[in-house]
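J.: The structure follows.
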Amino acid sequence: MRVAVIGVGSLGQHHARIYASLPEAKLLAVVDRDAARSKEIASRHGVAALTDHRDLPSGIDAASVAVPTAAHREVAEACLSRGLAVLVEKPMARTVQEAESMAAVAARAGRTLLVGHTERFNPALRAAVPRMRDPRFIEAHRLGVFTARSTDVDVVLDLMIHDLDVILSLVPSEVAALDSVGVNALTDKIDIANARLRFTNGCVANVTASRISSERIRKLRIFEHDAYLSLDYAEQAAVAYALRRDPEGRPTIAREEVEVVREEPLQVELRSFLRTVRGEEAPAVTAEEGIRALRLASRVREQIGGAAG
């Protein structure tokens, strides 16, 4: 499948690297408004270097869009309208309205539009999901050290949205109540945030995200009746705990390492995208799911903004 990558910054460069390595893909071009950056990444893979997505050559089947969030709608819609399948990085757009417009353009064009919630493809999560039965309490911590890379959006859209998307995929219920707090510490946007979600089925999720931590932490814990799972996204590790009783009826906790086959989540995601475009696999993170995660993230941000006001 002939592909292009639009936006080859800190994340987009890895899209280009992976496509160039996949036997099922042929990277034809990279695009970046920074001409020097475009040439640098293009030279690594022996492909065309462009500065405008409108100059993409004919014959391309699909594109990854990894430009700044503010440009997601414009670039994705232009690609969809010319017949390309699109994988757009998270957050899907700046607003729910922009995301809905993108989904509508994809539907009219009859083209695939998927959203790059890469954590869904983390091998630790994928290994743990089959063990989950009925999550009752979920706790997520995503802490990162400060960089200037994603300061065009706040920590809710930059980091927390990963966990909001994962939680929405695990809990088959609607959010009944939301309680959010957050502060801006180093930038003019929210840098630390916490959201407590209560679902109509009774499940509760507590989600914390920070981009000014002294260490990187990406962990998820899922508690069920008589059992819980502990996941470390960064280490690609998962541990299952279950309540057991000995022959005398005394309770004990059984600990089991979940077998995880380590892979680069982005590579798994891009392969899944290509298989979806070829009709070989059901889409993993659809535009509708991207909109749902963005809608919940927007509610968190609005509640924090309202409290601050």
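Please treat every number below as a calculation from the coordinates, not as lab data. Since we're looking at a predicted model, the values are computed, not measured. Counting neighbours? That spans all protein chains shown, and the Cβs are built from the backbone with ideal geometry, glycine included.
J.: Through the Karplus equation 6.51 cos²θ - 1.76 cosθ + 1.60, θ set to phi - 60°, convert the phi angles of segment 171-182 into ³J(HN,Hα) values in whole Hz; use x for Gly and Pro.
T.: 10, x, 7, 8, 6, 8, 8, 9, 9, 10, 9, x
J.: Hey, fewest Cβ within 10 Å first, where do 257, 89, 264, 281 land in order?
T.: Details: 257 9, 89 21, 264 16, 281 13.
Fewest-to-most ranking of 257, 89, 264, 281: 257, 281, 264, 89.
J.: Give the order of 101, 10 when sorted by the count of other beta carbons within 10 angstrom, beginning with the fewest.
T.: So the ranking, lowest neighbour count to highest, is 10, 101.
J.: If a paramagnetic tag sat 7 Å from the Cα of residue 179 along the Cα-Cβ line, which residues of segment 113-144 would have the backbone N under 17 Å from that point?
T.: Counting backbone N atoms under 17 Å from the label point, the list is 137-140.
J.: Can you tell me the equivalent ellipsoid semi-axes for segment 134-279? Use √(5λ) from the Cα gyration tensor, largest first, whole Å.
T.: 29, 21, 17
J.: Okay, next question. Using a Cα-Cα cut-off of under 17 Å, which aspartates and glutamates could be cross-linked to residue 26, ignoring same-chain neighbours fewer than 8 residues away?
T.: Cross-link targets: 61, 269.
J.: So for each of 122-130, 12-20, 243-251 I average, over its residues, the number of other beta carbons within 10 Å; can you give me the resulting order with the highest mean first? Spell out each step's value before the answer.
T.: On the way: 122-130: 19.6, 12-20: 22.0, 243-251: 8.2.
Ranking, from highest mean packing down: 12-20, 122-130, 243-251.
J.: Out of the DSSP beta bridges found with both residues in the chain, what percent are antiparallel (nearest 5)?
T.: Roughly 60 percent of the beta bridges in the chain run antiparallel, per DSSP.
J.: Structure shown: which of 39/90; 189/219; 90/219; 39/219 lie over 30 Å apart, alpha-carbon to alpha-carbon?
T.: 39/219
J.: Local charge sum around residue 263 (other residues, Cβ-Cβ under 12 Å, Lys/Arg +1, Asp/Glu -1)?
T.: +1
J.: OK, next. Rounded to the nearest 500, what is the chain's calculated 222 nm mean residue ellipticity when only DSSP H runs of at least 4 contribute -39500 (n - 2.57) each, over all residues? Mind dumping the intermediate values first?
T.: Details: 8 runs with 96 residues, N = 309.
Here the helix-only value at 222 nm equals -9500 deg cm²/dmol.
J.: Work through the residues other than residue 186 whose Cβ is under 12 Å from its Cβ and net out their charges, Lys, Arg +1 and Asp, Glu -1.
T.: -1
J.: Quick one: Karplus J couplings for segment 200-207, per residue in order, coefficients 6.51, -1.76, 1.60, θ = phi - 60°, nearest Hz, x for Gly and Pro?
T.: The phi angles translate into 5, 7, x, 5, 10, 10, 10, 10 Hz.
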